[in-house]
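Read through the structure below, which is laid out as structure tokens, and then see the notes.
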Amino acid sequence: MAQTVETFGPPSSQALQARAWAKWQDLRDDPAIVTHGRALGLASPDAAPLSRQVALAREMGAAACEHVPEADLASRFAALQAEGLKTDSFVDWGSGADTLSLARARLAARPFAGDLTLGIVEPDTPADVMAGLDAVTQICEVLLPLGPFIRALARPAVCAYVAEPSGRIVGTSASVEMFHPASDWPGLSWWGMLSTHPDRRGEGIASRLGAVVLDEMNRRHGTTKFFTGIRTGNTPSEDLCAKLGFAPTPYHVVLAIDPVLMAGGRVTK
């Protein structure tokens with residue numbers, strides 16, 4: 001019997017997450033496979049052949065490959081497109097030696113507005129809070145990961161958010177330990193999902209929430225290595241990440257997207 005799982009986003013994204021969750025039950029112990037609760041992917045081009053990324057994309061709707069060198073980007077795009085798949089990519093930005101200290105300095109320097117309450121998602125966080133997270137991430141065109149991941153049940157993770165007195169969630173950020181301990185990148189955690197409701201932009205909510213998540217991941221799970229994907233030309237995200245000690249690496253995340261199962265051509269912004 002298929003296991004019911006908490007999914008988020010528009011219907012196509014929920015279907016992708018459900019397929020990824022079902023497949024992950026069989027692949028969770030494979031060091032070549034990575035996920036932070038959106039889609040499954042490969043840890044690197046060397047972890048498995050390109051044909052495996054193609055097969056995962058066709059079966060689930062989308063599949064990523066992490067750590068694609070800049071020099072190999074065009075050829076991987078061409079190979080995936082030759083298989084009838086759409087492609088997308090993000091520049092891989094990695095944390096630095098000073099990321100945690102910069103995050104903690106950010107927390108000390110500028111508090112949230114007085115009407116906002118900080119929360120952390122726990123295994124028993126109520127469904128209405130999760131719905132609020134789903135709402136604000138969808139407004140920002142970002143996909144909230146699967147419930148077992150964002151609740152830190154499937155992997156070490158932290159999701160922080162702020163809510164107004166009415167209960168409306170107006171900002172969130174998250175991190176999930178993404179790589180298998182037996183991979184070449186044990187302990188490396190995805191970080192990001194920086195989302196702020198348009199009504200509250202300009203208050204520094206995203207950078208502070210991102211700093212909260214970095215701090216909490218270290219305190220709760222001992223995490224010291226983080227990465228995030230930034231679409232080329234997204235200067236606001238680059239500036240925010242640079243202030244927290246992140247810098248571009250020589251790698252890209254390359255997505256293969258099935259044009260039938262994921263007609264929109266994107267998994268997240």
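The values are calculated or read from the model by the stated rules, or taken from the named source; none is laboratory data. Bear in mind that the values here come from a model prediction, so they are computed numbers and not experimental data. Note: ideal-geometry Cβ built from the backbone for every residue, glycine included; neighbour counts use all protein chains shown. These accessible areas exclude ligands, DNA and RNA; they are computed on the full protein's heavy atoms, side chains included. Shrake-Rupley method; radii C 1.70, N 1.55, O 1.52, S 1.80 Å.
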For this session: If a/c stays under 1.5 just call it rounded; otherwise compare a/b with b/c (prolate if a/b is bigger, oblate if not). Do that for the stretch 1-125, with a ≥ b ≥ c from the square roots of the Cα gyration tensor eigenvalues.
Result: oblate
Problem set entry | Computed over the stretch 17-60, Cα set: Rg, Dmax in Å | 9.6, 27
Exercise. What 222 nm value per residue comes from the helices of the chain, counting each DSSP H run with n ≥ 4 as -39,500 (n - 2.57) and dividing by all residues, nearest 500 deg cm²/dmol?
Worked result: -10500 deg cm²/dmol
Problem set entry | More than 18 angstrom apart: percent of Cα pairs within the stretch 9-83 | 38
For this session: State the percentage of accessible surface on the chain attributable to carbon and sulfur atoms; use a 1.4 Å probe and exclude ligands, DNA and RNA.
Result: 54
Exercise. Using heavy-atom solvent-accessible surface (probe 1.4 Å) with all chains present, what is the largest-first order of 26, 258?
Worked result: 26, 258
Exercise. When the chain is fully extended, how far beyond the present Cα-Cα distance does residue 28 get from residue 51, taking 0.36 nm per residue of separation?
Worked result: 6.4 nm
For this session: Work out the charge dipole of the chain with +1 on the Cβ of Lys and Arg and -1 on the Cβ of Asp and Glu about the Cα centre, then indicate which of 149, 69, 194 is farthest towards its positive end.
Result: 194
For this session: Consider all pairwise Cα distances in the stretch 151-260 and report the whole-number % of them above 17 Å.
Result: 59
For this session: Could you work out which residue, out of 78, 157, 247, moves most in a Gaussian network model of the chain, that is, has the largest mean-square fluctuation with Cα springs under 10 Å?
Result: 78
For this session: Please report how far the C-alpha centroid of the stretch 124-178 lies from that of the stretch 50-105, rounded to the nearest whole angstrom.
Result: 23
For this session: Any chance you could get the radius of gyration and Dmax over the Cα atoms of the stretch 90-136, in Å?
Result: 15.2, 37
For this session: May I ask you to rank 124, 46 by accessible area, largest first, using a 1.4 Å probe over the protein chains only?
Result: 46, 124
Exercise. Over the alpha carbons of the chain, what is the largest minus smallest coordinate on each principal axis, giving the biggest first in Å?
Worked result: 53, 42, 32
Seminar exercise, completed: Largest first and rounded to whole Å, the semi-axes √(5λ) derived from the alpha carbon gyration tensor of the stretch 70-176 read 32, 20, 14
Seminar exercise, completed: Reported to the nearest 10 Å², residue 23 has, with a 1.4 Å probe, an accessible area equal to 50
Exercise. For residue 243, which aspartates and glutamates qualify as cross-link partners when the Cα separation must be under 19 Å and same-chain residues fewer than eight apart are set aside?
Worked result: 92, 98, 203, 215, 216
Exercise. Can you list, largest first and rounded to whole Å, the semi-axes you get for the stretch 167-212 by taking the square root of 5 times each eigenvalue of its Cα gyration tensor?
Worked result: 29, 9, 7
Exercise. Using a 1.4 Å probe, what is the accessible area per residue for the chain, in Å²?
Worked result: 42
Seminar exercise, completed: By accessible area (1.4 Å), largest first, 257, 139 order as 139, 257
Problem set entry | Contact order relative to length of the chain, as percent, for alpha carbon pairs under 8 angstrom and 6 or more apart | 29
Exercise. Expressed in nm to one decimal, what extension gain is obtained for the pair residue 182 and residue 122 from 0.36 nm per residue of sequence separation less their Cα-Cα distance?
Worked result: 18.9 nm
Exercise. Convex hull over the alpha-carbon atoms of the stretch 191-241: what's its volume per residue in Å³?
Worked result: 83
Problem set entry | Candidate aspartates and glutamates for bridging to residue 86, where Cα separation is under 18 Å - those fewer than 8 sequence places away on the same chain excluded | 59, 66, 72, 258
Exercise. Where the eigenvalues come from the Cα gyration tensor of the stretch 114-162, what are the semi-axes √(5λ) of the equivalent ellipsoid, largest first, in whole Å?
Worked result: 17, 14, 10
